[in-house]
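**Q** Encoded as structure tokens, here's the structure I'll be asking about.
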Amino acid sequence: MSSSFMPQDARIFIAGHRGLVGSAIHRGLERKGYTNLLTKTRAELDLLDPAAVRSFFEQEKPEFVFLAAAKVGGILANDTYPADFIRDNLEIQTNVIDAAYHNGVTRLLFLGSSCIYPKMAPQPMPESCLLTGPLEPTNRAYALAKIAGIEMCWSYNRQYGTRYLAAMPTNLYGPNDNFDLKNSHVLPALIRKTAEAKRAGAGEISVWGTGTPRRELLYSDDLADACIFLLSLDEERYGSLLTQDVPPLINIGTGEDVTIRELAEIVAKVIGFEGGLAFDTTKPDGTPRKLMDVSKLHALGWGHTVELEEGIGLTWDAVKDQL
């Protein structure tokens with residue numbers, strides 16, 4: 001049952017409702033009985049066009065906004081197209097946040113990424129480590145755009161009295177993920193590789209790196225639940241996240257991680273692949289560890305419910321006929 005702060009007939013705009021995050025938020029809101037959801041495809045509303053965005057907000061007057069639209073990609077895409085990543089993300093969030101302010105949106109949740117934190121951040125990474133060290137070079141352009149979005153929410157709150165919050169999820173996975181081996185993240189790539197190896201009767205699958213880096217993974221429907229929980233918090237708890245002296249920032253994750261080897265073993269178990277794992281140490285490991293400190297979110301009363309093996313099973317059930 002939703003909190004009374006976000007009524008079930010509230011006008012709610014989900015920017016980016018077809019992506020991994022936005023589609024999960026859309027499903028979550030429908031599941032909780034919200035009836036007035038505003039969605040637009042890219043063809044219907046180009047979020048890079050400020051006049052179109054302003055016009056949409058003036059006509060539709062959303063009361064709550066989930067800003068999940070973004071240009072996203074893996075290491076290769078970020079490294080190859082940094083100009084696209086910084087330009088498109090800055091434009092999308094600027095247009096939506098500014099139009100939200102001009103049209104009296106009650107609350108807005110800006111979705112970022114754990115890559116905003118310094119490359120050598122303490123583990124687990126607390127919200128307070130933002131801007132305390134250099135970023136990972138390969139996705140610096142994307143990370144800086146997301147940091148600008150956090151700063152923009154904070155600046156509008158301070159100057160205009162808006163009530164905008166920025167949430168930074170850990171690594172996400174789920175049915176609407178990208179399973180293209182060239183530019184997907186580690187879990188969907190493992191699911192794809194393992195499925196293909198099983199189908200081909202292969203004796204082993206190749207896994208990038210040494211298998212020792214640790215990763216935290218959150219099922220997309222759990223993320224959606226956390227986002228809806230945050231935007232429907234009572235005023236006192238919500239207000240505690242919007243103080244003048246620190247950015248309005250909260251981590252969303254499980255607070256737990258596994259090694260890449262353990263992850264590959266869980267995927268093999270779920271899919272029923274009985275071959276071995278071959279670790280290709282000529283390929284990069286990436287960051288040794290990226291774990292979120294989620295104590296702030298836990299203190300508000302939210303924790304994840306879908307454990308990793310269950311979530312991988314749900315994802316596999318949803319995509320196995322397409323891979």
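Just so it is clear, none of the values below were taken in a lab; they were calculated from the coordinates. It should be emphasised that the depicted structure is a prediction, and the values quoted were computed from it without experimental measurement. Using ideal geometry, Cβ is built from the backbone for each residue, glycine included, and neighbour counts are taken over all protein chains shown.
**Q** For the chain, with the dipole built from +1 on Lys and Arg beta-carbon atoms and -1 on Asp and Glu ones, taken about the Cα centre, which of Tyr160, Pro122, Leu47 lies farthest toward the positive end?
**A** Looking along the dipole axis, the top candidate is Leu47.
**Q** Arranged by the count of other C-beta atoms within 10 angstrom, fewest first, what order do Tyr117, Tyr81 take?
**A** Final ranking by Cβ density, sparse to dense: Tyr81, Tyr117.
**Q** What is the distance, in nm, between label points placed 7 Å from the Cα along the Cα-to-Cβ direction at Asp49 and at Ala318?
**A** 3.0 nm
**Q** For the residue pair Ala202 and Lys269, what label-to-label distance in nm results when each label sits 7 Å from Cα along the Cα-to-beta-carbon direction?
**A** Between Ala202 and Lys269, the label points sit 2.2 nm apart.
**Q** In addition: In nm, what is the difference between 0.36 nm times the number of residues separating Arg289 and Val246 and their Cα-Cα distance?
**A** 12.9 nm
**Q** Shifting gears a bit: Dipole of the chain, Cα-centred, from +1 at each Lys and Arg C-beta and -1 at each Asp and Glu C-beta, to the nearest 20 debye?
**A** Rounded to the nearest 20 debye, it is 360 debye.
**Q** Here's something else I'd like to know. Under 8 Å for C-alpha pairs, at least 6 residues apart: give me the relative contact order for the chain, rounded to a whole percent.
**A** Relative contact order, the chain: 20 percent.
**Q** Further question: Over every pair of different alpha-carbon atoms in segment 259-298, take the mean of 1/r and invert it; report that Kirkwood radius in Å.
**A** By the Kirkwood definition, the hydrodynamic radius is 12.8 Å.
**Q** To continue, here is another question. Mind pulling the per residue volume of the convex hull built on the Cα atoms of segment 32-187? Å³ is fine.
**A** 144 Å³
**Q** Related question: Measure out, as a whole number of angstrom, how far apart the alpha-carbon centroids of segment 224-300 and segment 118-138 sit.
**A** Value for the Cα centre distance between the two parts: 15 Å.
**Q** With both partners inside the chain, how many of the DSSP beta bridges are antiparallel, as a percent to the nearest 5?
**A** Among the beta bridges of the chain, antiparallel pairing accounts for roughly 5 percent.
**Q** Turning to a different aspect of this structure: Give me the Å³ per residue figure for the convex hull around the C-alpha atoms of segment 217-310.
**A** 114 Å³
**Q** Normalised by the empirical 2.2 N^0.38 Å for globular proteins, what value does the Cα Rg of segment 2-109 take?
**A** Expressed relative to 2.2 N^0.38 Å, the Cα Rg reads 1.10.
**Q** Still on this structure, please answer the following. What are the radius of gyration and Dmax of the chain, computed over its Cα atoms and given in Å?
**A** 19.6, 61
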